[in-house]
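I have placed the structure first, in the form of structure tokens, so that the comments after it can refer back to it.
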Amino acid sequence: MNELNRITDYVLPVFGSMIQVRQKYVRVIYGTRREWRKHPCKLCGVFLGVRQVTNGTTYGTRGRLAQYLSYQPTEKFTVALFSPGPGSNPIYIPLDAITI
């Protein structure tokens, strides 16, 4: 496990706390690779919790069905869940981009 992604290295806010963030994760898909990439942003909102996400590769059939049969994760890491407002979906945030 990458040392920077260990959850014990960070002081996390309590559920429902107001926080500020400097970066967010955006899902990037190119070919059969699926990755989470960091992008800069400045937002304020509510801390919702943490979860595990993965980067990886899809394998399977292509063509008329255009379905992938399996996903092979290559990296797993912890992210924070953050909501900028009551009507928006949660955003994935790097643990080191949170300001309480």
So is VAL21 in contact with a strand residue (DSSP E or B) (Cβ under 6 Å, 6 or more places away or on another chain), surrounded by 11 or more Cβ atoms within 10 Å (Cβ to Cβ) and free of Cβ contacts under 8 Å to residues at least 60 places away in the same chain or not? no
Reported set for the stretch 24-47 where residues are free of Cβ contacts under 8 Å to residues at least 60 places away in the same chain and under 10 Å from PHE82 (Cα atoms) is LEU43, CYS44, GLY45, VAL46, PHE47
| said: Could you go through the stretch 40-58 and let me know if any residue there is surrounded by fewer than 14 Cβ atoms within 10 Å (Cβ to Cβ) and modelled with pLDDT under 90. | reply: no
Check: So is ASN89 modelled with pLDDT of 90 or more and part of a loop (DSSP other than H, G, I, E, B) or not?
Finding: yes
Residues of the stretch 27-37 being hydrophobic (A, V, I, L, M, F, W, C) and either touching a Phe, Trp or Tyr at 6+ places or on another chain (Cβ under 7 Å) or outside any strand (DSSP E or B) (or both), in sequence order, are TRP36
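The values are calculated or read from the model by the stated rules, or taken from the named source; none is laboratory data. These numbers come from a predicted model, not from an experiment. Ideal geometry is used to build each Cβ from the backbone, glycine not excepted, and the neighbour counts take in all protein chains shown.
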